[in-house]
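Chemist: Mind looking over this structure? Questions follow.
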Amino acid sequence: MAKTTSAAKFVYFFGGGKADGNESMKNLLGGKGANLAEMAGHPNLRLPVPPGFTITTEVCTWYYQNNKTFPQVLQKQVAESIHRMEKLTGKTFGDITNPLLVSVRSGARKSMPGMMETILNVGLNEQTIKGLIARSGDERFAYDAYRRLIMMYADVVMEKAAGIEPKNGKGIRKLLDEKLEKVKQSKGYFSDTDLTVGDLKALVKEYKATVLKVLGKAFPEDPNEQLWGGIGAVFASWNGRRAIEYRRIEKIPDDWGTAVNIQAMVFGNMGNDSATGVAFTRNPGNGENRFYGEYLVNAQGEDVVAGIRTPAPVNEYSKNPQSEHLPTLEKRMPQLYKELYTYQKRLEKHYKDMQDIEFTIEKGTLYMLQCRVGKRNGIAAVRMATEMYSEKLIDIHTAIKRVAPNQLIELLLPMIDPKAEQVNPVIAKGLPAGPGGAKGRVVFSSAEAVEWAHRGEKVVLVREETSPEDVDGMHKSQAILTTKGGMTSHAALVARGWGKCCIVGCGDIEIHQENKTFRANGTLIKEGDWITLNGTKGFVYEGSLPLVDIDLDKNQSYNDLMKLVSKVKVMAVRTNAETPHDAEQGLRFGAEGIGLFRTEHMFYGENSEQPLFLLRKMIVSKTAKERKTALNDLFVFVKKDIKATLEVMKGYPVTIRLLDPPLHEFVPHDSAKLHELSRELGISMSLLRRRVLALHENNPMLGHRGVRLGISYPEITEMQVRAIFEATAELLKDGKKAFSEIMVPVTCTVNELTHQKKIVDRVYKEVCENKGLAAIPYLYGTMIEIPRAAIKADHMAEVADFFSFGTNDLTQMSFGFSRDDIGGFLPVYLDEKLLHDDPFQTIDQEGVGLLIRMGTEKGRKTKPHLKVGICGEHGGDAESVKFCHRIGMNYVSCSPFRVPIARLAAAHAAIEDAETSAKNKSKPALPAPTNGKVSKKHRLAIS
Ligand code: PEP
Ligand code: MG
């Protein structure tokens, strides 16, 4: 619980070139508050920030722990700060001649764009408005500010924070909005700026009456009541539906709380010498090192983000097809542009990262309202990180940490097949807000997007503009398409954060919400129709166009980043691959070997007809002779596949797992196949049916699979081992490099390993002799995928040269959750927070992870240089990769497309490790780490 003594500091002031806080205090002041303090008070910056103060996140915690009340001392601290603001601005809060008006905004540790509430113009009432009119000389502006305050206050404080459920789902904001639209329509106005003083005055009256009627309470006239109502509402919005949903998606802890920022208002809507805008120190769409931004003349900050008017570009570089005819800020207000340009440069140099800036120009004076680290998509993140490193703005560790492993997925995103783009007409063009190609069926509301996606449909959400209410539907959609808004609109911002394909400001499209259609230059698209988006160019196509993978080799920034990664990373990354094509793919992505070659995969897919038939023949064979014949035929295919892959891997280790087929998946069931088999085996159909029936298992996942097959039928192991040794020997004799690792699956006792090793040793000798080789280099090891094997790892290591944790099965058997059926109950577990993550995606570090750690440690007790890796799906999950590094694994292995992600995650882990060691070194009082960590040398001890 927060301290409540009068000494407790709950309020941090900034302004007048000074600040109580600074950028390092994000946990206490939230991101916005900490940055306002830094911009206002840091000697390198001292930017023109309107004065204000931040109420700490501790107060938010207090508020929720104390029945939504505030600590007593807060009132005094707020009053003192208001007084300081009054002194600096020369205005007085609640004064009728020169009133100070303030904004009340949220600000969590991590930015949650638009998810919480903001109230502007607090302090206006029937009396103070007179002062505002007198000072600004603009009655229209004053009434416009007033009607905005009433709308925001009624919506945020009087309805949402009060927990009032709107009737028929129509909230007060919507009702008031409709009143405004009605005036516009009846008078034939095109935009809000056409409203006259008379219209606005009448609207203020109407708004107040509506608020009283609908919410049963009058809009408060008292500025202090407005202020405290606003503060409470911002805290309450931390637990609003949208904010909770966003935190769930972004994994932001619920107990962080938000700060509240109260700041003197400055107005971008005081006429044509006023403006407001959003800008980025580098282009957030592609990472280019160019100042990029948008602005609106005579507008309030919300207007740019809300996408109501198409914003103008700040400079030539920021022009796009929608805005190219609009005058740039550089042209229109050259002096102010120059000032802004200098500030943005100063900010980036100071923060050493791309900044997202909000600014306002009030009657020819520039104010900086906010700066924060700008969100960027994966492509931009990679480019900015590597270029800032080249510019010597950041060091290698910072550059690597700037790219989240999962952001690389965007670089691997499919694009629309260029051939298809050539022959299909573009039906509409918009702004390319989120790159990549994506397709789906059209839906027109967030709720529908959620519902359709739930049914397994791929959808594209098409909206005029999105608001924070749409966040769930946006998340569930393949792509987002809006008809309004610019590159800094809500949709663009959120999509960019997620790396989702997104086109905004697509003015070619006209949505007819009532009959769920849209028209794009003559093409009619109905709900449920397929469309395809090119988010890199901003093109919309009718229908479902094919998507293709992009060519990473041509991405210079990506290659630069991977070079840095290779310098830092300690743990090796391999790929799971069973075809030469996948192996090549893995190598291109930087794989340093194959960690899992699943032999049985040659029985799926292309060209698998014949080997599959032979496998089936082997499975239903009853006598050793029958089986031998089938195996002999199968041998040719197995050896060919293994040899081709070994050759591609050019001496990198290739872990070949002995057959682990879930037999039931391979037994034929259709009668044509059964007939063919019976003919081939020379047995009757009824006998064959009996054999197939006898193979039936009630629980095949725990049945006759893995090593059990090799124990029951040693000839199966023999055939595979022979294929491996012969393939390796032939490549070596041809002067090529080849190195295989024989891996025994589903083991639970060392006796199984010993049993199979005898076969391996015998065949090894035979092949060496036959091929005239003194030795064929190889390793013999096992998967650890049964809990007992992890528990008995010290014994397993007596025979095994390496372990590879099969975390798919290990998770299945540790939790007792079927890997094939978890979908039936996992969503409830996640919703109820019984589990934080799907354990089949991210290693359950405290349970399954304990087994892995113990298995590794016990194994290495027996064999200090035991090679340890992982080949379950977790090998491509960033958090799991970091865990594997921490426990000292030699390598992780994952599907080819996850290799870059795993490499980057491994580099992150190595950096975190270095940072922890550096910290520990500076604190010599701490005991030496006893967590069984293995040195870099040890990790790299790959035979
Ligand atoms: C595992 O169990 O983690 C594994 C890699 O093997 P499979 O998925 O083939 O059972
Ligand atoms: Mg397995």
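Chemist: What number does the chain give for Rg over Rh if you use C-alpha atoms and the Kirkwood radius?
Modeler: Rounded to two decimals, Rg over Rh is 1.04.
Chemist: Going by a ≥ b ≥ c, the root eigenvalues of the Cα gyration tensor, does segment 685-801 fall in the rounded group (a/c under 1.5), the prolate group (a/b larger than b/c) or the oblate group? Can you show the working numbers first?
Modeler: On the way: a/c = 2.68, a/b = 1.39, b/c = 1.92.
Cα axes put segment 685-801 in the oblate bin.
Chemist: I would also like to ask the following. Hey, what did segment 215-298 get for relative contact order, percent, Cα under 8 Å, at least 6 apart?
Modeler: Once normalised by length, the contact order is 19 percent.
Chemist: Using a basic spin-label model with each label point 7 Å from the Cα along Cα→Cβ, how many nm lie between His83 and Lys736?
Modeler: Result for the modelled spin labels: 8.5 nm.
Chemist: His836: net charge of surrounding residues, Cβ under 12 Å, Lys/Arg +1, Asp/Glu -1, itself excluded?
Modeler: For residues surrounding His836, the net value is -4.
Chemist: Relative contact order (percent) for segment 322-373, with alpha-carbon contacts under 8 angstrom and 6 or more residues of separation?
Modeler: 26
Chemist: Let me ask something additional. Once label points are set 7 Å from the Cα along Cα→Cβ at both Asn67 and Lys458, what is their separation, rounded to one decimal in nm?
Modeler: 5.5
Chemist: Another one. With a cut-off of at most 10 other beta carbons within 10 Å, and DSSP calling the residue loop, which trypsin sites (Lys or Arg not before Pro) in segment 810-881 qualify? Please list them.
Modeler: Hits after loop and neighbour filter: Lys833.
Chemist: Taking R0 as 41 Å, what's the FRET efficiency between Gln610 and Arg788 from their Cβ-Cβ distance, rounded to 0.05?
Modeler: Using R0 = 41 Å, I get an efficiency of 0.65.
Chemist: Considering only the chain, what is the antiparallel percent among its DSSP beta bridges, to the nearest 5? Numbers along the way, then the final one.
Modeler: Working: 67 of 108 bridges.
Rounded to the nearest five, the antiparallel share is 60 percent.
Chemist: Now a separate question. Looking only at segment 493-533, which residues have a backbone nitrogen under 19 Å from a spot 7 Å from the Cα of Glu178 in the C-beta direction?
Modeler: Taking a point 7 Å out along Cα→Cβ of Glu178, the residues of segment 493-533 whose backbone N falls under 19 Å are 513-515.
Chemist: Something else now. Within segment 263-351, report the trypsin sites (Lys or Arg not before Pro) that DSSP leaves as loop and that have at most 14 other Cβ atoms within 10 Å.
Modeler: Details: sites: Arg282, Arg290, Arg309, Lys319, Lys331, Arg332, Lys338, Lys345, Arg346, Lys349; in loops: Arg282, Arg290, Arg309, Lys319.
Answer in residue order: Arg290.
Chemist: Taking R0 as 41 Å, what's the FRET efficiency between Arg248 and Arg135 from their Cβ-Cβ distance, rounded to 0.05? Walk me through the numbers on the way to the answer.
Modeler: Numbers: r = 45 Å, r/R0 = 1.11.
Rounded to the nearest 0.05, the efficiency is 0.35.
Chemist: Still on this structure, I have one more. How large is the accessible surface per residue of segment 177-253, computed with a 1.4 Å probe and reported in Å² as a whole number?
Modeler: Heavy-atom SASA per residue in segment 177-253 reads 51 Å².
Chemist: Would you please classify the overall shape of segment 350-394 from the alpha carbon gyration tensor, given that a ≥ b ≥ c denote the square roots of the eigenvalues, rounded means a/c under 1.5, and beyond that prolate means a/b larger than b/c while oblate covers the rest?
Modeler: Cα axes put segment 350-394 in the prolate bin.
Chemist: Taking 7 Å along the Cα-to-C-beta vector as the label spot, tell me the Thr196-Glu165 distance in nanometres, rounded to one decimal.
Modeler: Each label point is offset 7 Å from its Cα along the Cβ direction, giving 4.4 nm.
Chemist: Full extension from Leu835 to Asp633: what is 0.36 nm times the residue separation minus their Cα-Cα distance, to one decimal in nm?
Modeler: 67.9 nm
Chemist: Which listed residue (Leu631, Tyr778, Ser895) has the Cα farthest towards the positive end of the charge dipole for the chain, taking +1 on Lys and Arg C-beta and -1 on Asp and Glu C-beta about the Cα centre?
Modeler: Tyr778
Chemist: What size of dipole, in debye to the nearest 20, comes out for segment 720-835 about its Cα centre when the only charges are +1 on Lys and Arg C-beta atoms and -1 on Asp and Glu C-beta atoms? Kindly include the intermediate steps, with their values, before the conclusion.
Modeler: Working: 13 positive and 17 negative charges, 85 e Å.
In total the dipole reaches around 420 debye.
Chemist: Quick one: grab the alpha carbon gyration tensor of segment 8-108, order the square roots of its eigenvalues as a ≥ b ≥ c, and give me rounded if a/c is under 1.5, else prolate or oblate depending on whether a/b is larger than b/c.
Modeler: The shape class here is oblate.
Chemist: So what is the relative contact order for the chain, in percent, with contacts set as C-alpha pairs under 8 Å and at least six apart?
Modeler: Relative contact order, the chain: 8 percent.
Chemist: A further question on this structure: So how exposed is Cys768, as accessible area in Å² (1.4 Å probe, rounded to 10)?
Modeler: Result for Cys768: roughly 10 Å² accessible.
Chemist: For segment 179-221, run through the chymotrypsin sites (Phe, Trp or Tyr not before Pro) and keep only the ones in DSSP coil with at most 11 other Cβ atoms within 10 Å of their Cβ.
Modeler: Phe190
Chemist: What number, rounded to the nearest 500 deg cm²/dmol, is the helix-based mean residue ellipticity at 222 nm of the chain, given -39500 (n - 2.57) per DSSP H run of at least four residues and division by all its residues?
Modeler: So the helix-based figure for the chain works out to -13500 deg cm²/dmol.
The values are calculated or read from the model by the stated rules, or taken from the named source; none is laboratory data. Source: prediction; values computed, not measured. Methodologically, a virtual Cβ is constructed for each residue, glycine included, from the backbone with ideal geometry; neighbour enumeration extends over all protein chains shown. Ligands, DNA and RNA are excluded from the accessible area calculation, which covers all protein heavy atoms including side chains. Shrake-Rupley method; radii C 1.70, N 1.55, O 1.52, S 1.80 Å.
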